[in-house]
Amino acid sequence: LGWIYQKKGDYNSALAFYKESLVERGDDGEVYEGMGDCCLALEKYDDALAFFDAALQLAPNSVHAALNLAKIHLMKNAADKAQEVLKLALVSNPNEPEIHLSLGAIQKESGNYEHALAHFHKVAMNDETNAFVFNELGECCMALGLAKQAEPFFAKAAKLDETNLQPKLNL
């Protein structure tokens, strides 16, 4: 019932049913994830943080919980905590593009372009049609003074998404 109410957008009712489920069945990582999702939707970030943290304690390999926990940490200007959560998630999910994409964005934002480049490269290896990632690779190369290496990344990004002007401007 919690899931049904959540899908209908009735997050408070969903939370009530999720809590009832925990009372009846005990701790369950998926239930905590659902509760975290509801709290995110309700902008109750501290509660969402607690629920996603509980979900990760029960299911350390949960990509969903890790990404949302990192998202909340970033919203609270705690990039170090977000990065820590994502690095732990990477241990169980070394090839998960979403984790690499998030880590790449954090690294790029902090000016650590070499590490960002490595994470974006991992995503590009798994998805050769991701124009955004190829543009990010190019921007990281430019920041490192590697203009010749950046050019093919920008060209590929521009070709993959002709509506996005950023790679064209970067070229």
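The values are calculated or read from the model by the stated rules, or taken from the named source; none is laboratory data. A quick note: this is a predicted structure, and the numbers were derived from the prediction, not measured. Don't worry about glycine lacking a Cβ; one is built from the backbone with ideal geometry, like all the others, and counts go over all protein chains shown. We work out accessible area using only protein heavy atoms, side chains counted, and drop any ligands, DNA or RNA first. Shrake-Rupley method; radii C 1.70, N 1.55, O 1.52, S 1.80 Å.
Computed packing ranks the peptides 87-94, 132-139 as 132-139, 87-94, most packed first, by mean other Cβ atoms within 10 Å.
Measuring with a 1.4 Å probe in the full set of protein chains, what accessible area per residue, in whole Å², belongs to the chain? The partial results should precede the final answer.
Numbers: 9740 Å² over 171 residues.
Accessible surface, normalised per residue, equals 57 Å².
For an R0 of 45 angstrom, estimate the FRET efficiency from the Cβ-Cβ distance between Leu144 and Gln57 and round to the nearest 0.05. It would help to have the intermediate numbers written out before the result.
Working: r = 38 Å, r/R0 = 0.85.
The formula returns an efficiency of 0.75 here.
How many percent of all Cα-Cα pairs in the stretch 102-151 sit more than 19 Å apart? Summing the P(r) of the stretch 102-151 above 19 Å gives 14 percent of all pairs.
Kirkwood Rh over Cα pairs of the chain into Stokes-Einstein at 25 °C, 0.890 mPa s: D in µm²/s?
141
Using only the alpha-carbon atoms, how far is helix 113-126 inclined from the longest principal axis of the chain? Give it as 0 to 90 degrees, nearest 10. Helix 113-126 sits roughly 80 degrees off the main axis of the chain.
Determine the distance separating the Cα centre of the stretch 102-156 from the Cα centre of the stretch 34-67; give it in Å without decimals. One Cα centre to the other: 29 Å. The GNM of the chain, with springs linking C-alpha atoms under 10 angstrom apart, assigns the highest mean-square fluctuation among Pro152, Pro60, Pro97 to Pro152. If you take all other residues with their beta carbon under 11 Å from the beta carbon of Leu74, and give Lys and Arg +1 and Asp and Glu -1, the sum is +1. Entry note, the chain: relative contact order of 11 percent, from Cα contacts under 8 Å with a spacing of 6+ residues.
Across the stretch 51-149, the volume of the C-alpha convex hull divided among the residues equals 87 Å³ per residue. Taking a Cβ cut-off of under 13 Å around Glu151, the surrounding Lys, Arg, Asp and Glu residues balance to a net charge of +3, with basic ones at +1 and acidic ones at -1.
All other residues with a Cβ under 13 Å from the Cβ of Tyr113 taken together, and with Lys, Arg as +1 and Asp, Glu as -1, what is their net charge? Don't skip to the answer; put the middle values down first.
Details: positive: Lys108; negative: Glu109, Glu114, Glu136, Glu139.
Combined, the nearby Lys, Arg, Asp and Glu give -3.
Computed from Cα positions, the angle between helix 11-25 and the longest principal axis of the chain comes to roughly 60 degrees. Would you mind telling me the share, in percent, of accessible area of the stretch 2-137 contributed by carbon and sulfur at probe 1.4 angstrom? Carbon plus sulfur share of accessible area: 49 percent. Between helix 131-143 and the chain there is an angle of about 60 degrees, using the helix long axis and the longest principal axis of the Cα atoms.
Using 1/(1 + (r/R0)^6) with R0 = 41 angstrom and r between the beta carbons of Asn164 and Ala78, what's the FRET efficiency to the nearest 0.05? Intermediate values should be presented prior to the final figure.
Numbers: r = 30 Å, r/R0 = 0.74.
After rounding to 0.05, the efficiency reads 0.85.
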